[in-house]
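One structure is given below, encoded as C-alpha cells.
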C-alpha cells in the first residue's frame, strides 16, 4: 500500500496512518435470484477455512508468500532484479490457474517505463561573472556540485541573494518580499533562521521546520520564476559540524586517558591486552585529530542526496561558502556569516540583487528510466454481458531496500513486504485459481491485474486506465486487495461501500458467513490502486486488514501472515465477484459527496484535486476532483494539468501544495490548467481545511 511521501515530490502520503484514508467501490442492484446463485459451497467451507491452515489453498498461499517475500526478491523494488522474478512467478501462476495470459502484446506484460533515479550528465560547469570582465570560476566537486533533484539546462542570468528562500505567512517572514527573481539565478541558504532557538517560529516539530526542506525551497523559487538555484550551506550548520568533530576528538582523548590508566594498573599477565587497548586508543586520537584538521565542514551535498526529480525542474547546484563570500566581497556585500547573524538577530530578510553579476553555466542531470510492467490474466465471460469487464487487482511491488518509501529511517535492509503487498498478490492468484475452476464461465469477463509502481504513486494502475486493454466504458467494477495478510480479531475493513446503492447490504450479508467484524468506509479514493479506477467513474472495492508496526519496515515478513484469515478473505471476495458478474444490471456509480482524503491536510485550505502520479509533461496532473469540492465546482477535470495558481508557476504536486498554503479559505484563486494542449483559466473558491 502506497505511502506517498511529499519529500519525494515531497510525495503526498507521509506515514502509515495514510492507509486509513482509503476508500471506495460500487456494485449494481442485486436481484434475489442472483443473491441465491452467489450462495456457493464456499460459504459452507468458511468455518473450516477459518481454522484450517493445512488446506491445499492455505499451503499454496504459504509457499507463494514465502517466495514473494523472500530476500531473493529484494523487496520487489521497481528498480531491482527481484521484481522481475516476481513478475515471472505471477504470470506462471496466472497461466497455471487457467487464465489467458496472451491478451497483451508482450503476452501478460503491459510494459512501460518510469523514472527511478538520476545520474550526472556530461556537462556540469559554473562560473560567476561580474563587471569589467571579473570572473569567479568554480571547479566541480571542489567548489560546487550539481543536485540530483534538479533539472538540466544552460543559464546566463543575473544573480539574486534570497536569504533562506522562505516565504512564510505564519512566521511573517518573506525572503522574496523586496527582490525580483523572475528569470534570475537565486542564491539560497540551507536550513532556517534562528536555528537552535526553541522559541523561534521556525523551530517546528523536533526542531525541524518544513521551511528547511529542500523541496520547499525549490518549489518556492520555481513558483516565483527563478531560472536556476545555487544552494549554499548556512554558517550555523558548518559550526555544528565542526563541534561534532571536536566532540569526537574529545571522546577519543577520554578513551586514551582511560586506556592509559588501565595500562598502568595492569598486572603482568594482563599487560599484553592493555598494550593493545592503549595503542588502539592512541590511534583513535590521531585519526580524530586528522579528521578535525582535514575535515570540510562546509560539505557539498553528494549527488543523489534528497532523491531525484522528474527531469522538468530548473537547474540546481550547491556552491561553497568560500565562493559565495568571494562573490559578496567583490560585490561590496557582507559575508554570509554576517548576513546570517543579522537575520537571526532581527528575524528580517537580508535579500538583495546583484545587478552587475551573473551566473553562467550548464547543469546536466539525466533521468534513469526503468522498464516496469503490469501483469494481466483474463478469464472470459459468456452470455449477453460477456463484453463487460470486472477488474480484480493487487499491486506486487514494494519498497526494495528502503530509502524514501521506508518508515525505518536509514535502513538499507530488504523490506520484504509480506503483508504489503505479497499478501494481496497471493490472494489475487488464489482467487484466480478458484474462479477459473468453475465449470461454467461467468456472465462477465474477469481481468486479473498485478499492478506495478503502486508504492511510487499508483503508477501501474494509472497507466492501465490511460491505456486499458479492455474498454473502460464497459469496465463495470474494480475489486482491489492491498494488505490482507494480518486479519486480527476477525476485523476486515471494506472501503467503498457507499459508491453503489446496494453494495453495503451485499457486503454485510456476505460477511456474516465468514464471521468478519466489518468496518465499512464509503469513500471512493485513497492511496491504493482502486483510486485510479474510481477516478474514471468505475465503482471500486478495496479490502484491507489494517496497518501495523511492521508497515514499510524490514520486519514485514511472511511468518507474521495469517494464512487462514487470507483464505476467508479470498472466499469472501470470490462471492462478491460472482455476485457482480451474475447480476443482470451493471453496478451503478455513485458520486460520493465528501472530500477524498488523498492529500495532506494541515494549515492549507481545501482544494479537492486528486493527483495523477502517472502524468507526463509540465504541471501538476490530476485524475479528477473530489465530488462537491472547490476544484469540482470550478470545473477541473480528470486529465487537467495545473500549471499556474494565482501568480505562482506549478510544475508538480510539491509546487501546488506550497502554492495552496499561500491562500486562505474563502479566497477566489485563478487556476490555469493545460487541457488537451490548450490553456484554460478557472476560478476556484477555496474551502476550509478538512
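Just so you know, all these numbers are worked out from the coordinates, no wet-lab data involved. Model, not experiment: these values are computed from the prediction. Quick reminder, even Gly has a Cβ in these numbers, built from the backbone with ideal geometry, and neighbours come from all protein chains shown.
Taking every alpha-carbon pair within the range 270-342, the share separated by more than 17 Å comes to 70 percent. With Cα atoms as the point set, the range 371-438 shows a radius of gyration and Dmax of 16.7, 56 Å. Adding -39500 (n - 2.57) for every DSSP H run of four residues or longer, then dividing by how many residues the chain holds, sets the calculated 222 nm ellipticity at -9000 deg cm²/dmol.
May I ask for the Kirkwood hydrodynamic radius of the range 609-685, worked out over all distinct Cα pairs and given in angstroms to one decimal? Don't skip to the answer; put the middle values down first.
Working: mean 1/r = 0.0825 Å⁻¹.
About 12.1 Å, per the Kirkwood formula over Cα pairs.
Label-to-label distance, residue 254 versus residue 386, with points set 7 angstrom from Cα along the beta-carbon direction: 8.0 nm. On the beta carbon distance between residue 106 and residue 647, with R0 = 41 Å, the FRET formula returns roughly 0.35.
Our estimate of slack between residue 537 and residue 519, defined as 0.36 nm per intervening residue step minus the Cα-Cα distance, is 4.1 nm. The value for the range 238-294 of Rg(Cα) / (2.2 N^0.38 Å) is 1.33. Relative contact order for the chain: 22 percent, from Cα pairs under 8 Å spaced at least 6 residues apart, divided by residue count. Counted over the range 147-265 with a bin width of 5 Å, the fraction of Cα pairs per bin, in whole percents, is 2, 10, 16, 17, 14, 11, 8, 6, 5, 4, 3, 2, 2, 1, 0. By other beta-carbon atoms within 10 Å, ranking 61, 662, 481 with the fewest at the front produces 662, 61, 481. The slack in the chain from residue 115 to residue 637, taken as 0.36 nm per residue of separation less the alpha-carbon distance, amounts to 185.4 nm.
Based on other C-beta atoms within 10 Å, arrange 105, 509 from fewest to most.
Going from least to most buried by this count: 105, 509.
Taking 7 Å steps out from each Cα toward its Cβ at residue 142 and residue 329 produces label points 1.7 nm apart.
Nearest 5 is fine: what % of DSSP beta bridges in the chain come out antiparallel, could you say?
Of those bridges, close to 65 percent are antiparallel.
Compared with the dominant Cα axis of the chain, that is its longest principal axis, helix 563-582 is turned about 60°.
By the Kirkwood approach, averaging reciprocal distances over each pair of separate Cα atoms, the range 78-155 gets a hydrodynamic radius of 17.6 Å. First obtain the Kirkwood hydrodynamic radius of the range 490-560 from its Cα pairs, then insert it into the Stokes-Einstein equation at 20 °C and 1.002 mPa s, and state the resulting D in µm² per second as a whole number. The Stokes-Einstein estimate is 158 µm²/s. Sorting the segments 434-445, 246-257, 643-654 by their residues' average number of neighbouring beta-carbon atoms within 10 angstrom, most packed first, yields 643-654, 434-445, 246-257. Axis of helix 321-330 versus longest Cα principal axis of the chain: the two differ by about 50°, to the nearest ten degrees. Averaged over residues, the count of other Cβ atoms within 10 Å places the peptides 175-183, 216-224, 316-324 in the sequence 216-224, 316-324, 175-183, highest first. In the range 315-368, the convex hull through the Cα atoms has an average projected area of 5.3 nm², a quarter of its surface area. Scattering from the chain was approximated by placing one identical point on each alpha carbon and applying the Debye formula without solvent; log10 I(q)/I(0) at 0.09 1/Å stands at -0.84.
Mind checking the full-extension length gain between residue 180 and residue 156? Use 0.36 nm per residue of separation minus the Cα-Cα distance, one decimal, nm.
7.0 nm
Rounded to the nearest 10 degrees, the inclination of helix 271-294 to the longest alpha-carbon principal axis of the chain is 80 degrees. Equivalent-ellipsoid semi-axes for the range 307-448 (Cα gyration tensor, √(5λ), whole Å, largest first): 60, 19, 14.
Give me the one-decimal Kirkwood hydrodynamic radius in Å for the range 235-385, with the sum taken over alpha-carbon pairs.
Over the range 235-385, the inverse of the mean reciprocal pair distance is 22.1 Å.
Taking 7 Å steps out from each Cα toward its Cβ at residue 282 and residue 337 produces label points 3.6 nm apart.
Computed over the range 410-539, the convex hull of the alpha-carbon atoms projects to a mean area of 9.9 nm².
Protection proxy ranking of 133-142, 225-234, by the mean of other Cβ atoms within 10 Å over each peptide's residues and highest first, is 225-234, 133-142. Label zone (residue 242, point 7 Å along Cα-to-C-beta; backbone nitrogen cut-off 18 Å) within the range 300-335: 300, 320-326, 335.
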